[in-house]
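First up is the structure itself, then whatever we jot down about it.
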Amino acid sequence: MDRFPRHLSAITVVLLALCASTGLSPGDSDRLPGRTPVLLITVDTLRADHLGCYGYGRVRTPAIDSLAAQGTRFEDDLAQVPITLPSHTSLLTGTYPMYNGEHDFTSPSLPSRVGLLAESFQRHGYDTAAFVSSFVLDSSWGLNRGFQTYDDHFDPHQFEISNPGNIERHAGETVGHLLAWLADRKQGVTTARPFFIWLHLYDPHRPYNPPEPFHAEYASHLYDGEIAYTDSQLQRLFDALRASRLYDQTLIVLAADHGESLGEHGEDEHSFFVYNATLHVPLIFKPPRGMASSHAVRRLVGNIDVAPTILDLVHMEDPLSRQFQGTSRAPEILGRDAAGEHPIYSETYYPRVSFRWSELRSISTDRFKYIQAPHPELYDLVKDPHELHNLYGERNPTSAALREQLIGIERRFKSFNTHDAKAGSPLSPETVEKLKSLGYLAYSAPVQSESSGSLPDPKDRVKVYKLLLRAYALASAGRSEESNRTLDAVAAQEPNLHLVSFLRAENFVRLGRLGDAERSYLASLKLFPTFDQAIMGLAHLYMQEGEDAKAKPWLELDVRLNPHNFIAYYALGLVARGEKNTEEACRYFQKAVEEKPEFAFSQQELGITLVELKRYSEALDPLSRAEKLGLDNLRLDNSFGGALANAGRLQEAVGYYQKALKLAPDDPPLRLNLALAYLKMGDKQIAEREFDSACRLSPSLCEPYRQLFKKSSAQ
């Protein structure tokens, strides 16, 4: 299917103009009202050329099309990175990756020196709220700064990571959360304050599985079905804003973090290449009613321009503007003369960081695009919008000029950042598993000193990459033997790729072949001795086999390499408890909680350990947090009851013991604890009845307490 060309035919231009001919003439107004409400919408994995307002006829997108008809549609907007997290970082900070340090999933959290758009709005008295639809934008990455509300809660059971429903949510749910926030705000006292809201919708991302009726209607092209479903939920949002009389007064911005290759250049999804199939995204600004005309802008822009443009449109003077590396596009939106051409830089370090293949960096102008790679590329985007005919030549003056511009951008902004994009930061196993279930092979490769020119060109490794994705997909479908055969084909072409042995080990674990799994983990670690996920996989394997002593040194190594790995601290706590070292277990569980407060099981085990140490008042907080995070089990309720009883809160303790007994009515310690609580409360009759029940279940357990209950009965 054809992409939307950069320069529309005259017929297409006339048709689109007829569809979007309402509004004021350019220049009727050059100011937005003071303290204008702002709604920023980012739709994940949305190609511009799959929307009706960009000339596509196979999907109905009336909500987005109407937004474009009421505002400014930028025809040529490019993302800076074809990966969700770093692309959103550039969009929300107005900075390039070499400055903000966010290149891919393995980059560290956003440094505090890099400001965010929400912080500006918060400083200027706005209510700020974000509603995100995928774990890849979880608050742990650092994009939550400046948001008073950051709604990124997907499922309280953090460990249930095999189900993608735990790590993403459909547009309907996320829009529902936003509407609930607006309703609560309407009932409060802050309605006089303007808002800045960021809404992120994830549905067009793989797997493509839109709900009915979109699944049936778009059965032959489900990606478009996801877009149509997303549009329907945006219509729901816009209707609610109109009903609240907010739509006309709000600046609404619709953007996307990246597109989707859909098979172009041999890539099915995104992140691997920097062709426009994954970089060309929609960008629409709908100002408040009457503030600007509806029109299209054909000048090349980038997502890096979004933040400067928003602040310029709402006339907000803020320190954040000093860091901007993009350009305000307010003049084009307000109908004034546009600025001159600004080349747009884009990159992907994913091949280098994850597979030890070369990164790809590109620079685009209104006409040409240059890609810096071991085998460089140059495309005339007017004549060749699909980037099929490489014009690169070492003596080509256009190639040389664009290469110098690319190097100039990198030199200009890289000096502000000390993070090395060549070396990934270890991810927690939980994070890796969640990213894997979203279709990403998010692993770090060994740090390498080679220049990009000496590394393989991703163009020459795309078939190997697709085999790796195929192996993972087979494993996810429970076809581990087939997955291993596919990995054999990868190994024949890439014998030193550490991921092959690691993925084999994961398959062997699923097959119950633990000896083979151990050997494969060790083979992966021989190629990459500090590979965090292989270290944790091996440690978990030993713990599965009851060999905690073997697991412990690997876990200790892991926390030295990755001091923020809360899963490793949690596992070390379990090992210490098995060694009867309760104090050490408590320290490890405390560290796990510090690193990841929302990991419910660390909170639970910390609370239980504090009860074992008779530090009852300290135990109440982590036990309460575990419960609020969604845990409900016998150990939690029993320990909570014990902590409350020893803190003198006997009635509450009885409630937890009774709740636990519904789960295990024949548990002797529970019956005994309940009897002791009633005895302390002075309810001797119930106490004796529960004590008798406990004694029938376990006479030996009750023996030390017989005199206590006899003495009570005699009184």
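Observations, loosely collected:
- Whole-number D in µm² s⁻¹ for segment 647-715, Kirkwood Cα-pair radius fed into Stokes-Einstein, 20 °C, 1.002 mPa s: 180
- Label point distance in nm, residue 700-residue 582, each placed 7 Å from Cα along Cα→Cβ: 2.0
- Whole-angstrom gap from segment 621-651 to segment 458-475, using each part's C-alpha centre: 47
- Degrees separating the helix 10-19 axis from the principal Cα axis of the chain, which is the longest one: 50
- Sparse packing (at most 14 other Cβ atoms within 10 Å of the Cβ) combined with a DSSP loop state is found for the following trypsin sites (Lys or Arg not before Pro) in segment 232-272: 245.
- Both the radius of gyration and Dmax for segment 530-631 are 13.3, 40 Å, in that order, over alpha-carbon atoms.
- Antiparallel %, DSSP beta bridges [both residues in the chain], to 5: 50
- Extreme residue, positive dipole direction of segment 225-276, given options 229, 261, 241 (C-beta unit charges): 241
- Lys, Arg +1 and Asp, Glu -1 on Cβ, resulting dipole of the chain about Cα centre, debye, nearest 20: 1080
- Degrees between helix 532-544 axis and first principal axis of the chain (Cα, 0 to 90, nearest 10): 30
- Estimated inter-spin distance, residue 140 and residue 394, nm [label 7 Å along Cα→Cβ]: 4.7
- Between the entries (1) 291; (2) 180; (3) 342, the label attached to volume of the Cα convex hull per residue in Å³ calculated for this structure is (2).
- Mean separation of Cα pairs under 8 Å and 6 or more residues apart, divided by the residue count, gives segment 647-715 a relative contact order of 27 percent.
- Helix 600-612 and the long axis of the chain differ in direction by around 20°, with both axes built from C-alpha atoms.
- Using the rule -39500 (n - 2.57) for each DSSP H run of four or more residues, divided by the residues of the chain, the 222 nm mean residue ellipticity is -14500 deg cm²/dmol.
- Structure note, pairs 684/711; 659/711; 414/459; 662/711; 580/680: Cα-Cα distances above 19 angstrom occur for 659/711; 414/459; 662/711; 580/680.
- Here each label is just a point 7 Å from Cα along the line to Cβ, and for residue 635 and residue 621 those points are 2.2 nm apart.
- Of the GluC sites (Glu not before Pro) found in segment 305-342, those that fall in a DSSP loop while having at most 16 other beta-carbon atoms within 10 Å are 317, 341.
- Extension reserve of the residue 519-residue 342 stretch, reckoned as 0.36 nm per residue once the Cα distance is removed: 58.4 nm
- Normalised by the number of residues in the chain, the average gap of Cα pairs under 8 Å and 6 or more apart makes the relative contact order 13 percent.
- Listed by chain and number, the lysines placed with their C-alpha closer than 29 angstrom to that of residue 186 are 286, 628; residues fewer than eight positions away on the same chain are left out.
- Charge dipole (the chain, unit charges on Cβ, about Cα centre) - positive-most of 320, 661, 648: 648
- Set of lysines with alpha-carbon distance to residue 383 below 19 Å, sequence-local pairs under 8 removed: 369
Taken together, the values in this text are just the output of simple stated rules run on the coordinates, not laboratory data. None of these values were measured; they are calculated from a predicted model. Backbone-built Cβ (ideal geometry, glycine too); neighbour counts: all protein chains shown.
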